[in-house]
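No lab work stands behind these numbers, since they all come straight from the coordinates. On a predicted model such as this, the values are computed, not experimentally measured, just so you know. Neighbour counts are summed over all protein chains in view; Cβ atoms, including those assigned to glycine, are modelled from backbone coordinates with ideal geometry.
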Amino acid sequence: MPSAAPQLTVICNVHNDAGRLPRAVGSALAAWDGPDVEVLVVDDGSTDDTGAVADRLAAQDDRVRVVHRGVNDGAPGAPRNLGLDAARGDWVAFVDSDDTYVPGSLRRLVEAAVARDADVAAGAVARYNERTDRVTPLPATDYTAGPVEPLAPGSPLWQDTIAVAKVMRRRLLDEHAIRFPERILYEDQPFTVALWSTARRIATLDEVVYHWFVNNVAGQESITARRHEIANFHDRLAANRAIDLQLAGRPDLTAAKLDKFVRHDLALYGKDLDARDDDYRAAFLTAARDYLADQPADLRGSLAQPYRLVVRELVDGSAESSVAACLFAYRRRHVERPLVHRAERWWWPYRPDEEMSDDHDLTTVVAKEHAKRRAIWTTTCREVAVAPGAMRLVGTVVDGDDGIGARARLVLMLVDRDQGVVLSSTTARIRPEGAFDATLELPSPDPAAPPAKAWDVKVDVGGALRGRLPGRTRRARPVEVPASVALPALDGLEPYRTRNGNLSLRPATEADDDGAGPAGDAD
């Protein structure tokens, strides 16, 4: 029998997920492997047999308790808060019904917290794709490899805004009234910022403790991965407004918080604006403008380029310039127009001279790219056609900083994503206005070769007689493709646009594994 007050409560909120709930509950029990634990399942208004499955789990193991919530508002905040109110453990953890903990990991987290007299202990997360069998570490949780202090400017904790993969003292949550905002997504963000900023000490466990199971099938993504829905962006803004209220008395953290929002949160939506329809873009620009215009001018001015440019254009620039600034900042310095070079400085090309300010001066951005021996240029495929044993690519190159050089030729190649091997390549002359037309051979099927997950179309330049970058390293970059371009079926292959806007190929039966963000929001 479990003790009246178990050492750990693991809260699992679930809605219509009867099939995976036993796996999640079982993993939480195995992650403690002892009697002094309870798994509190909060049935969040399920309309299938999830509630009955939860009750059976409780009947089979007295370490499992169930709370039935009769309604569902579409967001995890309320059921998680209900779980916190009903928790009995000295420590609290969370598990999503479709994810799992690593055996023994929750016990090791609590032991680490007790050993360091910490209020919170955190471990790393790995993303697991069930269809492709890929396990990918989550960069936002890599900080667990070293000691970490409570929240401060520049802290890695700004990136870890998910409630899972950590244990926390219930007393801390109750004393500081730390709870999740309700009826919005991204409820993890205000919760974890409050957690990080009130904890006396934080312990870390340098190992993966949690497996986040992803589903990248279009139309079946997790609710936080549906960034193509404008309501998703509104919820993210609501979460950030909640954080702003929390940090109103912490001027030492407000600049870092805005920097995190502009670099990370805004990037998740801004990098895809060219793939959204006019209604989405208009709604996005209005919502972003309303939020950013309320941020203090000194904080906006303290941002580094090109993020200061993004904020300036979103606040008072044209729609075209705002979208272009987002793509430039968030998608590998994407350019649709060359930058303006005047008086040894580089300027944003969408503003007339009389409207230019320091916010539009991109000299430091260009200098940083050149220091890495990289030019600012974008290759976009405007047409993909079928050719015998090959595909024909027609597109344009925009030379953003005159870094390609005169008489350059494009070198287009097909690269195995896993192996990095170039399977085929071709050269194409850059015509006036940056146009190109090339035919790239497709690989012949090799039964003895290991199955490939995807092939990426990449590009480099060669044969330049003049360039700004002497000794430029040869580093192929992706070929982008607009979402509006029709992609034909090839022999056993399927061209597709990755979630980063690039042109790639995959076997016709495979699904896109280009990745969404983590549950709660680390991406």
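Quick one: Cα convex hull volume of segment 223-368, Å³ per residue? Mind dumping the intermediate values first?
Details: hull volume 16.5 nm³, N = 146.
Cα convex hull per residue, to the nearest whole number: 113 Å³.
Using the count of nearby Cβ atoms within 10 Å as a rough guide to exposure, how do 433, 38 rank from fewest to most?
433, 38
Sort largest first and round to whole Å: the equivalent ellipsoid semi-axes of the chain, each the square root of five times a Cα gyration tensor eigenvalue.
Equivalent ellipsoid semi-axes, largest first: 45, 29, 20 Å.
Non-local amide H neighbours of residue 493 (under 5 Å, H modeled in plane, Pro and chain starts lacking H): which ones?
508
Between segment 368-402 and segment 253-271, how many Å separate their Cα centres?
Using only Cα atoms, the two centres lie 28 Å from each other.
Run lengths n ≥ 4 of DSSP H only: what is the helix-derived mean residue ellipticity at 222 nm for the chain, with -39500 (n - 2.57) per run over all residues, to the nearest 500?
Numbers: 14 runs with 143 residues, N = 523.
Value at 222 nm, helices only: -8000 deg cm²/dmol.
Compute the distance in nm between two label points, each set 7 Å from the Cα along the Cα-to-Cβ direction, one at residue 439 and one at residue 406.
It is 3.2 nm.
What number, in percent, do you get for the relative contact order of the chain if the mean sequence gap of Cα pairs under 8 Å and at least 6 apart is divided by its residue count?
11
Sorting 212, 377 on the 10 Å Cβ count, fewest up front, what's the list?
377, 212
Looking at the chain only, what percent of DSSP beta bridges run antiparallel? Nearest 5 please.
70
Among 383, 480, rank each residue by its count of other Cβ atoms within 10 Å, from fewest to most, as a rough exposure measure.
383, 480
More than 22 angstrom separation, counting every C-alpha pair in segment 2-84; what % is that?
Values: 621 of 3403 pairs.
In whole percent, the share of Cα-Cα pairs in segment 2-84 beyond 22 Å is 18.
Of 271/372; 368/453; 166/372, which sit over 29 Å apart, Cα to Cα?
From 271/372; 368/453; 166/372, over 29 Å: 368/453; 166/372.
Please identify the trypsin sites (Lys or Arg not before Pro) of segment 1-64 that satisfy two criteria: DSSP loop assignment and at most 13 other Cβ atoms within 10 Å. Which are they?
Answer by residue number: there is no such site.
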